[in-house]
Structures are given as structure tokens and as C-alpha cells.
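Notes to accompany the following structure.
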Amino acid sequence: MAPSLFDFSPPNSGTMRSRLLLAAIIALALALGIAAPMNWRASDGGRQPPAQSTPATYVGRQTCTTCHKREHELWSASHHDLAMQVANQDTVLGDFHNTTFTHFGVTSTFFRRDGKFFIRTDGPDGQLHEYEIKYTFGITPLQQYLIEFTGGRYQALGIAWDSRPTGEGGQRWFHLYPDEKIAHDDILHWTGPNQNWNYMCAECHSTNLKKNYDLEHDRYATTWEEINVSCEACHGPGSRHVDWAKTGGRGEKFPYESRNGLVIQFKDPNNGTWEIDTETGNAKRSTPLESNSQIETCARCHSRRSVIHDDYVHGRPLMDTHRPALLEERLYYADGQILEEVYVYGSFLQSKMYHAGVICSDCHDPHSLKVHAGGNALCTQCHLAKKFDTPFHHFHKPGSPGAQCVECHMPTKTYMVVDPRRDHSMRVPRPDLSVKLGTPNACNGCHTDRSAEWATDAVLKWYGPGRSRDPHFGEALSAGQKGLPGAEDALMKLAGDEVKPNIARASALSLLRWYPSPASVRAARRGLEDPDPLVRLSALSVLEVLEPKDRLGIAYPLLNDPIRAARIEAANVLAPVPRTMMTTEQRASLDHAIAEYIESQGVNADRAGSHLNLGVLYTRSGKFDKAEAAYRTALRIDPAFIQAYVNLADLYRVRGQDNQGERILREALTIAPRNADVHHALGLLLARQTRMSEAVTALEQSATLRPENPHYSYVYAVALHTTGRPKDAIKVLDETHARHSNDREVLYGLVTFNRDMGNLDAATSYAEKLVVLSPQDPAARRLLNQLTQQ
């Protein structure tokens, strides 16, 4: 199991929840005194299957094998075939001959008994216990093992078997977190929720997986049609295709003959081919690609995403059931190169190959999963060998690593200790971006003894100045992530550039929510009309900067968007809008979309974060009793889920019950005494109760524990200023500004505090910096004008 496959917060559980709390924080601080893309096709998910009266059913691979022997032979022993197996002497690769493995003081023993496989290792209580291995998970370059617990749970061991040959360093036990002590109460411990097979892994390792979680009894009854990734995992249930083969295949009348009875048709109806243009050396499709159905079918599992609906229908758009991750700072480098495990799709969307109409099966056999050819022959199918497979192009000795296309254009990054994976953005190496942004590049991936400047000069010498000086979307994303001067303008330009990859444009819009201005809202309004649902969804996040009453006219159309992910995000954004402002039709649309949002969170009802999301939604909607119940459910599922304590305490603030809120926060501190979020929330609560001495202490603690969060330091400074310590407040902000020179909130504080102290020169200097950072912010401009006119 790849532990990070679903390891990103469900929609709105993190950033938007934080913004909800930030609104309350800022309010308290003030109270204390303070058109269709031309070149990048929309993600259509393929032609929607026609309405059919009788749903197709699963028939199993043995039925398929009757007619598709060659495909079955290719599939057999593939990664899909061996994705999950019952543990027995034929499937278990690891050494279970009383072998031991020690990791940070915990010695685990692998052994056999009565023909079964066992491990003695630390359990959820930190003590050693014996566990039977029920299933194997994967096969190469590593194999993991699943253990059954009560309540239908299966957990993946944190110790895995390196199945590579001994000469490659394999045939050994190793820990997936080799440099970390993973104690029994750590969220990453193998018995914890983040290593749970039912939630983390099951959907993508078996066919027609149904998680079947029962929230009331906190148990699973997970089922599958086939234990591995079999024919119908991709092609969909095959009963109608079997009927076609028996009847329509012989020329008899058959209602679904145009699709051969298949739920989804991957074959290009135009029979497009790739033809190399001898002038450019690159191939072009003979006919445009009509559908992304194959790519989005693969993306269901080969992507970093969250699940928003559990009734997957083959052929429907991906974003009806899944929400792909954007080019987030914690997942990708600023220029879109892979950082964490992101599973191909988000990278491929950035590529020129995707833009040109390349699909997965152009390079990979869809049944064996192997590439069609070895070495550079794979790439020279579409890129003229005499132009590209030559030292005049790659400037390396033939046969050397530098002469291999994939080494320069698809460099690897190793995950799970032993699993190297290639970056499918298929980019031109840009060492100049390494100099500008600190991103990696393929040149220095090999030439580790050389600098990025050296590599930049080499590229310049080989290809001329035009090759390495082209603007890249990563520059805008990096500026937005770091809050650099000009970031807002750069992000707006990227968001509106229809030539750039849509995933980059969507990522730009997601960052614009941190740059609240009329210009950003205008950019979002344009994004809401984009053909790509990922862009539309991201544009909605910008509307969080608007007052609820101002959102309705802008976001309302997306309540009826054809894509579920966009509808439920619109529901979340519009939930705080007073119903009295809506027409009957608008209320009905919002109610329907909110019901879909609630249903989407129910898909992952086994995760505390989903109930926290519901709590935020109900709070926004003014349904406080339901919000409290949702937060309580989150804590029942995960008593150590600190964010639920913080949100529940904030709900009590809204209800005027700070006494209960304080009790909740102090309970949280007994679980996580060094959690800055709890200290911060407690400090705000104490300030509301005018217990300022205690408030200052709590806020100081939060700022000390999280110096990387400038907002906590800002609020601490506000508290100091309010309690008659303006010099101390300015000192805190000066120190924070030294660490976070582009944080606008800190600059606002420095401007106002210095102004109030009569330090007009310092206030003016900081106001000038603020205007440079946020030229679209009218409030910053007014502040500077007021100072210069004094």
C-alpha cells in the first residue's frame, strides 16, 4: 500500500476550514484594536454511456478469458493481476523463517505456523503481539502484507519485503519510514487510520470494491468482485458484452451493438494514427482525440485524489466521483515536478504529450502494463530518431545515461524507499528554473558535483538563449506560494492563459484566494466559465474572500454544473448566504447541492476529517446543533483529532458558550500540550473574556511553537499592543517580518503600530512595501496615501 495515496485532506477540511476560523480571529483582532481553451482540451472524461434500462453486471475474468485469451495472457502476472492476493506459500515473497527485523528498538519476528504466515510486532498498545498475514499487497519492487483486525479492518504493515534481487540490494525486510520512530500512538503507525486498507488502498487494488462502512457500529463489511485489478476494473461490468458476443456478435439484432455491449469504449472511433512530421521531427495525430475516457479511467487510481462519490460509473467524468489534487506546494515543486507521491495523472496533465492527444496506451500495453519498446525506441515511435536520438540533440555519448530520453525528460524520484517512479510531465530540463526557484533538474540529477548555474550555462551553450528563457508557469506559482511582489498579477495572468496546462491555471486560481482584491475576483469570475471543471472548481475558492451576500450572483450557476465536484464546492461556498436573499429556484438548487456535499462526506465517514467538513458546513449554514454533532462524531472516530477540538470550541464561541469552549480546549491540551493551534484558540477565547494576562501567555506560546506561522505572531503582537506594550508588539512583528518578509498581515501591523507610536517614517516605509506586494489592494494604497499626506 502506498500510504500517501489518499493522504491529503478532503475538500475544505484544511484550507477553507482554516479560513473560517481566520475570519473569527481577524474579527477578534479588530475588536482588540487591530472562453474555451484553444490548445489545452477540457477534461471531458469520455462520452457518457447511453441510458440503459438494465444495468450491466460483473461476470468475472474467467468469462472474459473465453474469447480474449491473448489479453489474459498479457495480464497474467502483471502488477494489476498481483495487486492483492491471499497469503500462501505461492504468493508470499518475504522471509518468514523466524527472521527478525529491528526498527528504533522494536524487534519484529516473521515466522510460519501450521502452513500460515505470522509476525510478532508492536500493536496499537505498543506491546508485542502475534498477527496472522491474511493478504499480500503488490509484488515488486516491494511486497506489503495485510493483517485483519476487528470490525472488518485490515491494516498494512509498516515493514515491507524488498523483492528486488540481492545484487540490487533486495531480499531483505525494511521499514517504510526508515529514519523515523513510529510509536504506537503515531498517526503513521501501521495500526492507525492512515495505514487502513479499507480506506487507503482497497479501491485501487481490487475490482468493484465496495467499502461498506457502518458509522453507527464503526465497522466495515468491505466486498469486491475480484481480489485484484481485473478486466472489469477498467472495462466496466461485462454482462452486456457477453450477451453481444452470444447474439449481436453473430449478426442478430442487439440494442447496444454500436458499443459491442461494452459499458465504456476505449477504441478511437476515428482510428487516429500518429504520423511523424519530418520537418519538426514530432508526430501528430491524423485526427483529433475525441475523448479522454482512457486517461480518466486510468486516473481513477493513478492520481493523487480524494473520493467524493462511491458509485463509480465507467465512462463518466473523473470529477463526478474523485477530486484530483492541484499542484500544491506540499505535493509538487513549484514548476510542477513531482515531490510527494502523486501517481502520474497530475504530472501528465502538464505535458505537451497530453496536449497533443497522447493517451496511456500509446506508450504502455494496457494489459501487461509494460512499455511498447525498450530504451529510446519507445520515444522514437513519435520523435524522429535522426533528429532526437543523436548527440546533436542530447550532447551525450551514445549509450550513456544522458543519451536516454527518459533520463532527461522523465527523471525518477524514489518513494517507499525502493520504488523509483518517473515524472510523467515529460518536461524539457530547465536548470535555469533551479537557479530561480530552487527546483530540481535532470542535469544536476546526474551531475551532482556541479551547480545549477553550470547546467544553465551548458544548456545556453548547446541550444542558444531561447531554449532556457521561456516563461514557465512555475514562476507564477512560486511567487504566489511565497507571497512575492507581483504575485497576484502573475497568478491572474496564468489563470487566464489558455495555452498553459489547465491544472496549472487551476492551481493559480487556488492561490489567488490569498490575494483578496476586486481584480482577483474578476479573474475568478472568468474561471467559473472555463470548460475545464478543475479550473471552475478552483475559481470557486477565490469567492471565499467575498461577503456571503456577494457570492450568490457569481457562484449560483455552478450549483447546476454537470460535474459533481464543482456542484458540491459551490454548495460549500454558498452555504452561508442568507436564504432570504434567494429565489425559490435558487434555494432548491442549493439544497440539492448541499445534499450532494453531505453525501460526498459520507463516502469517507470512517475518517474524522469528513465529519469536521460537515461541521464547518453546518456552522456556515447556521445549523449549530448538527455542527456540534458532527464535531463530536469526528472525536468519537479519532479522539486525538485536535482540529475537531479547535472547531468545536469555535462553535461554542459562535453560540456564546465560551465556558464550554475553554473546557474543550483544555481537554485538547491534555492530549497535545504543545499544539500551537490549541494555544492560539485558547488565547483568543481568554481575550474575549478580557483575561488578558492569560491570553497573552497562551498567544505567546502559540507563536513560539509555530514560528513558521506568521499569523500567530501577528495576533500575539496585537495582544501585546492592546495590553499597553506597543514597543514589545513592534519588536515581535519586526522579528516576524525578518522571517516572513512578504507577509502582508505582518506589514499591516507594522504600519499601524508604528503610526500609532508616531514613527511615521517607519510606518511609511512598511506601507510602501505593502503596496509593492499588493498593488491591487485598494486598502494598502489608501493607507500609504494617508501616511504621505500627514
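Things to note:
- Taking region 597-613 as the range and being assigned to a helix (DSSP H, G or I) and open to solvent by 20 Å² or more (accessible area, probe 1.4 Å) as the test, the residues that pass are I598, E599, G602.
- Qualifying position, being part of a loop (DSSP other than H, G, I, E, B), within 24 Å of R522 (Cβ to Cβ) and either open to solvent by less than 10 Å² (accessible area, probe 1.4 Å) or not hydroxyl-bearing (S, T, Y) (or both), among V573, V577: V577
- Residue within region 431-438 that is of a type outside the set (F, W, Y) and under 16 Å from L378 (Cβ atoms) present: no
- Cβ-Cβ under 9 Å pairs, at least 6 apart or on other chains, region 525-544 side at positive phi, far side open to solvent by 10 Å² or more (accessible area, probe 1.4 Å) and among the hydroxyl-bearing types (S, T, Y): none
- For E225, the stated conditions hold: it is of a type in the set (D, E, K, R), under 27 Å from K267 (Cβ atoms) and in contact with a Phe, Trp or Tyr (Cβ under 9 Å, 6 or more places away or on another chain).
- Residue identified as more than 23 Å from K211 (Cα to Cα) and in contact with a Cys (Cβ under 7 Å, 6 or more places away or on another chain) among I338, I359, I295: I295
Okay, residues lined up against (1) touching an Asp or Glu at 6+ places or on another chain (Cβ under 6 Å); (2) of a type in the set (D, E):
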position: C408; (1), (2): no, no
position: V418; (1), (2): yes, no
position: S425; (1), (2): no, no
position: S434; (1), (2): no, no
position: N441; (1), (2): no, no
position: W454; (1), (2): no, no
position: E475; (1), (2): no, yes
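- Criterion: part of a helix (DSSP H, G or I), under 30 Å from Q776 (Cβ atoms) and open to solvent by 20 Å² or more (accessible area, probe 1.4 Å) - qualifying residue of E694, E667, E745: E745
- Output for region 552-570, where each listed residue is open to solvent by 20 Å² or more (accessible area, probe 1.4 Å) and of a type in the set (V, I, T): I554
- Pick from region 295-311, criterion modelled with pLDDT of 95 or more and part of a loop (DSSP other than H, G, I, E, B), ranking: farthest from H409 (Cα to Cα): H309
- Applying the set (1) open to solvent by less than 10 Å² (accessible area, probe 1.4 Å); (2) at pLDDT below 95; (3) of a type in the set (A, V, I, L, M, F, W, C) to A634 leaves exactly one unmet item: (2).
- Residues that are open to solvent by 30 Å² or more (accessible area, probe 1.4 Å), part of a loop (DSSP other than H, G, I, E, B) and touching a strand residue (DSSP E or B) at 6+ places or on another chain (Cβ under 9 Å), drawn from region 334-377: L339, E340, Y343, V344, C363, D365, K370, H372
- When region 535-554 is filtered for residues that are in a helix (DSSP H, G or I) and either of a type outside the set (A, V, I, L, M) or under 14 Å from M581 (Cα atoms) (or both), the ones remaining, listed by number, are R536, S538, S541, E544, P548, K549, D550, R551, L552, G553, I554.
- Scan of region 350-394 for residues that are of a type in the set (D, E, K, R) and under 30 Å from the mean Cα position of the chain (by Cα), ordered by number: K352, D362, D365, K370
- Scanning region 460-476 for residues that are surrounded by fewer than 17 Cβ atoms within 10 Å (Cβ to Cβ) and in a loop (DSSP other than H, G, I, E, B) yields G464, P465, G466, R467, R469, D470, P471.
- Residue check, L750 of a type outside the set (K, R), within 30 Å of R674 (Cα to Cα) and touching a His at 6+ places or on another chain (Cβ under 7 Å): yes
- Look at region 434-459: where a residue is closer than 19 Å to T412 by Cβ and a partner is among the hydroxyl-bearing types (S, T, Y) and open to solvent by 30 Å² or more (accessible area, probe 1.4 Å), sitting 6+ places away or on another chain with Cβ atoms under 6 Å, you get T439/Y333.
- Identity of the residue in region 308-320, of a type in the set (A, V, I, L, M, F, W, C) and out of contact with any Asp or Glu (no Cβ under 7 Å at 6 or more places or on another chain), that ends up surrounded by the most Cβ atoms within 10 Å (Cβ to Cβ): M319
- Qualifying residue in region 448-459 (condition: within 20 Å of S351 (Cα to Cα), of a type in the set (S, T, Y) and either assigned to a helix (DSSP H, G or I) or in contact with a Lys or Arg (Cβ under 7 Å, 6 or more places away or on another chain) (or both)): no
- Identification of strands (runs of 3 or more DSSP E) wholly contained in region 86-174 with 1 or more residues that are over 23 Å from N228 (Cα atoms) and at pLDDT 95 or above yields 99-103, 106-113, 116-122, 128-137.
- Taking region 303-327 as the range and being of a type outside the set (D, E, K, R) and farther than 24 Å from R259 by Cβ as the test, the residues that pass are S303, S306, V307, I308, P324, A325, L326, L327.
- Only one of L146, L93 that is within 20 Å of W197 (Cα to Cα) and either exposed (fewer than 14 other Cβ atoms within 10 Å of the Cβ) or touching a Ser or Thr at 6+ places or on another chain (Cβ under 6 Å) (or both): L93
- Boolean, L460 is in contact with a helix residue (DSSP H, G or I) (Cβ under 9 Å, 6 or more places away or on another chain) and at pLDDT below 95: yes
The values are calculated or read from the model by the stated rules, or taken from the named source; none is laboratory data. All of these numbers come straight from a predicted model, not from anything done at the bench. As a convention, Cβ positions derive from the backbone with ideal geometry for all residues, glycine included, and neighbour counts pool all protein chains shown. Only protein heavy atoms, including side chains, enter the accessible area calculation; ligands, DNA and RNA are left aside. Shrake-Rupley method; radii C 1.70, N 1.55, O 1.52, S 1.80 Å.
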